[in-house]
Every structure is written in C-alpha cells, then in structure tokens.
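The values are calculated or read from the model by the stated rules, or taken from the named source; none is laboratory data. Fair warning: this is a prediction, and the values are worked out from it, not measured in the lab. All Cβ positions, glycine included, derive from the backbone under ideal geometry; neighbour counts span all protein chains shown.
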Amino acid sequence: MLGRLANTSLIVLLLLVAGIANAANIEGARLWRSPEKTRLVFDLTGSVNHKIFSLSNPSRLVIDVDGSSLKQSLSSLTLTNTPIRKVRWAKRNNNDVRIVLDLHEAVSPRSFLLKPNSTYGHRLVVDLFDKGKASAKPAIPAKSSPAPVQGRDIVVAIDAGHGGEDPGAIGHGKAREKEVTLAIAKEVAAQFNREKGFKAKLTRTGDYYISLRERTRIARKHGADLIVSIHADAFVQPQARGMSVFTLSKRGATSETARWLANKENNSDLIGGEEGVSLDDKDGLLASVLLDLSMTDTQTRSIKAGKMVLSELGRQNRLHKKQVEQAAFVVLKSPDIPSMLVETGFITNPEDARKLKSHAHRTRIARSIYTGIRNFFHEQPPLGTLIAQEKSKGTLVASSKSRKHRVKSGDTLSDIATRYNVSMSGLRRINGIKAADHIQVGQLLEIP
C-alpha cells in the first residue's frame, strides 16, 4: 500500500513539475492601429492555450490565457485612436490570466498564435476589426478600371515595405527598415502629388502591418497604373552595399543575392501573421495565369520602368547591380499592373545605414524614383490620361533628366532658385539644406 501511495505521489509531483515547466508567461504587449483594425500582440515565453469572447452593455473583449502569468504591466499601452478605452487584468483560478479590454464600441475580434521567427519569439495576436470592416482575408479583386473620364491622372501605388509587427531588417546603428521605407515612400508620394497628371496612393501611411496580398489589393482598388515597393536590403555580410531594382521573375531569381532577398521579403507574412498568402499556392486561377505568362506587355513595361528608375538612382548613388534583377517577390505578382521593387541600400552596411538615416539622402532617393517613373510614363502614357492627351497634342513638356547646379563663387540660393524657376523651399528641401543660404562653392545641388 505504501509503495502504491509513494508511486502515486511521485506521478502527481511529476505532473505538477511538467505543468510548471510548460507554463508560458506573458512578457509584454504591443499595440498598432491600421485603417481597418487594431492589432494587440502579446509576447510569450512559449506556446499557450487561450480563448477570447465578447461581452456587451458595456462592450468588452475578454482574453483568457491558460497556465500563464503576466510579467509586465499593460498600463503603458497607448490607446489613443483605438477602440480600447481601458485594459484590465487579473489572475484567474490561481493559474490563468484574464485580460479584459473595455471598449468604446463593439468590434469583430480574431486571435491566433504565431511561432518564433528570426525577429520575435512566441506571440498571441488579437486583431480588433472595426465594425463594418471584414475580418476575413478578402480575395484580390479585379483591377479597378478608372472611370472613363478623358484626361485622368496616372495613378502610382507606392508601397512602403514592412511596418508594425514586422520591422523588416534592423541594421547598423539600429536603423529600422520599416521607418526608412515609410519616409522615402511619403516623399515619393509628395513629389508625384505635386506633378500635374499624376496621383500617388500609399499602401500604408503609418506604422502598422499590412499583408503582402493586401498591398496589391490596395493598389488594385485605386486602379494603379504602376506599383513601386520600397525596401532596404539586409545581407549576412556587412560588406554588401548599394541599390537595386527588381521586377518579377518567372523562372527564379537572377542571382544568389536576389534569391536570398526574395525569401527574406516574402517571409514578412510569417512575421506579421498572414501565413500562406503567396499567390503561388493560394489562388489557383491567378497563380496559373501568372505562371503561364510568356513575356507579356506587363512584364516588358515593368522591366523598362525599372531600368529608368535604376538609371536615375545610379546618377548619384552606388548601385549593387547595374541591371534590373528579377526575383519572385510576392508583392510584384500582379499580372496586369507593371510592378517593381526598389532596394534603397543595404541597411546592414555601416555606410548605407548612415545615409538611409539622413533626410537629405532619402529625399534624393525619392527624387530618383519619382523621376524614373515619370520619364517612363512620359514615354508610354496609359490611354485616356492627361499625359497621353498632352503627348498626342505635342504639348507635353519633355521629361527632363535630373538637373544639377554646381555652386560658384557669389551664388545664393535665391539666385539659383530664380535662374531655374523653382521655389527656395523646394531647393532647400530636396538638398537637405537647413539654413537659408548654407551652401558652399563647388557643392552640387539638385534642381527640383
């Protein structure tokens, strides 16, 4: 009898130890707001069992995490512009954690677990979709046909890579790819929106996560005539540096670096929690169309536009490759929209990272991207656009190459702006000049 009791006690003790060993703690939380949802991410020490349910009068969302404990207060979360009014938490059954989100209004919640990756450990993700916004992943719609209005603007979709839960590469000096890409994308958009006959649409305007499929869906919704996705490279060797331009490859990447980068960028959906959105295995019709393409007009135009952007980038910057490369980036897989991906430098290289953190350098990159795309559309404008009309009438101002001015003795910014018929503020902005007349003899200025 005593032997059986001893064995039973030992088994119970082992089960308790195993339970303690398998318990996962909540180490902290992060919160992001995007146009259609709020994302709450809990960082865990391991996998957990959890459930969520909604309560009304007043609106609340309850998150129960089994066999866990909260190691950090959640009171520091910034709740501004989110449906969350207050976050409360407490132990439940002496073993579990219950987190209650007091809400301003009802939401459509969704939760899922993410396994560790190169950036984060185990995570519990809770998405709070605004009422009226679909919580399911939408199918990619057909490209919106712009209204048949003569003289419409050319629409350029500008995609800032990564964002929110997915920081992209974190490089030398803690430079973060998601911040660099957004800054450049906003500047490219600003330059297009100042140009008659063009309209820019950003896929994201702030620090929040968007899946790769959603980025192309946004572009299609706005009837984009071209998609340019902006990124910053990372590589295992810090010596790698310079800029690159990619278009979609049917048969695989054109270099070892291209293959490595394609895998890295496509893995963003694993980091952000949108597993399996690649068109290769999720949308049979679109994938079959894409794989059966044989040198379509779309690919030809993508390559030509990419060459023009690469040429402009190479005027003032070091290039990693002097030709347009090809790789299977998911964000480029639009069979009827010319698309390119611009890698603005290697954020893992000390010199490139230093430049990418510079406002003046980012502005020059944006100007080069804008000029290359503008020149492409001045050569091949879509039918029905204002640019096409002006080109057919012979009234289109020829695409000019990037203008430069070498500062001479006696030059002032005011004189240079007057000479080229540009504003002083534009001249200062594009060249990163803070003080009104802080220029030096021999300095090469870019003319907007």
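For segment 199-275, list the helices (runs of 4 or more DSSP H) that sit wholly inside it and hold at least 2 residues that are at pLDDT 85 or above and more than 22 Å from residue 306 (Cβ to Cβ); which are they? First the steps, then the outcome.
Working: elements: 212-221, 256-266, 268-272.
It comes to 212-221.
Could you tell me which of the residues 439, 447 is under 22 Å from residue 362 (Cβ atoms), touching a helix residue (DSSP H, G or I) at 6+ places or on another chain (Cβ under 8 Å) and modelled with pLDDT of 85 or more?
Working: 447 fails: modelled with pLDDT of 85 or more.
Answer to the check: 439.
Which pairs have Cβ atoms under 7 Å, sit 6 or more apart or on different chains, and link a residue in segment 112-130 that is under 13 Å from residue 30 (Cα atoms) and outside the structural domain of residue 165 (by TED's automatic domain parsing) to one that is among the small types (Gly, Ala, Ser) and surrounded by 18 or more Cβ atoms within 10 Å (Cβ to Cβ)?
Close Cβ pairs (under 7 Å, with a partner that is among the small types (Gly, Ala, Ser) and surrounded by 18 or more Cβ atoms within 10 Å (Cβ to Cβ)) amount to 125/273.
Does at least one position in segment 148-161 carry a residue that is surrounded by 23 or more Cβ atoms within 10 Å (Cβ to Cβ) and assigned to a helix (DSSP H, G or I)?
Checking segment 148-161: not a single residue is surrounded by 23 or more Cβ atoms within 10 Å (Cβ to Cβ) and assigned to a helix (DSSP H, G or I).
Criterion first (more than 28 Å from residue 169 (Cα to Cα) and in contact with a Gly (Cβ under 8 Å, 6 or more places away or on another chain)) does residue 57 satisfy it?
Values: more than 28 Å from residue 169 (Cα to Cα): yes; in contact with a Gly (Cβ under 8 Å, 6 or more places away or on another chain): no.
It is false that residue 57 is more than 28 Å from residue 169 (Cα to Cα) and in contact with a Gly (Cβ under 8 Å, 6 or more places away or on another chain).
Would you check if there is a residue in segment 339-360 being on the phi > 0 side of the Ramachandran plot and within 19 Å of the chain's Cα centre (by Cα)?
Yes.
Just checking: which of the helices (runs of 4 or more DSSP H) contained wholly in segment 350-431 hold 2 or more residues that are more than 30 Å from residue 235 (Cα to Cα)?
Of the helices (runs of 4 or more DSSP H) lying wholly inside segment 350-431, those with at least 2 residues that are more than 30 Å from residue 235 (Cα to Cα) span 359-379, 386-393, 413-420, 424-431.
Tell me, which strands (runs of 3 or more DSSP E) wholly within segment 24-114 include 2 or more residues that are within 27 Å of the chain's Cα centre (by Cα)?
Those strands (runs of 3 or more DSSP E) span 26-33, 37-44, 107-114.
What tally of residues in segment 70-98 results from selecting those that are farther than 14 Å from residue 46 by Cα and in contact (Cβ under 8 Å) with a residue 40 or more places away in the chain?
10
Residues in segment 359-384 that are closer than 17 Å to residue 227 by Cβ and β-branched (Val, Ile, Thr): how many?
Of the residues in that region, 2 qualify.
Report whether or not residue 212 is in contact with a helix residue (DSSP H, G or I) (Cβ under 6 Å, 6 or more places away or on another chain), assigned by TED's automatic domain parsing to the domain that holds residue 340 and free of Cβ contacts under 8 Å to residues at least 60 places away in the same chain.
Values: in contact with a helix residue (DSSP H, G or I) (Cβ under 6 Å, 6 or more places away or on another chain): yes; assigned by TED's automatic domain parsing to the domain that holds residue 340: yes; free of Cβ contacts under 8 Å to residues at least 60 places away in the same chain: no.
Judged against the criteria, residue 212 is not a match.
Determine which member of the set 173, 197, 168 is crowded, with 22+ Cβ neighbours inside 10 Å and outside the structural domain of residue 35 (by TED's automatic domain parsing).
168
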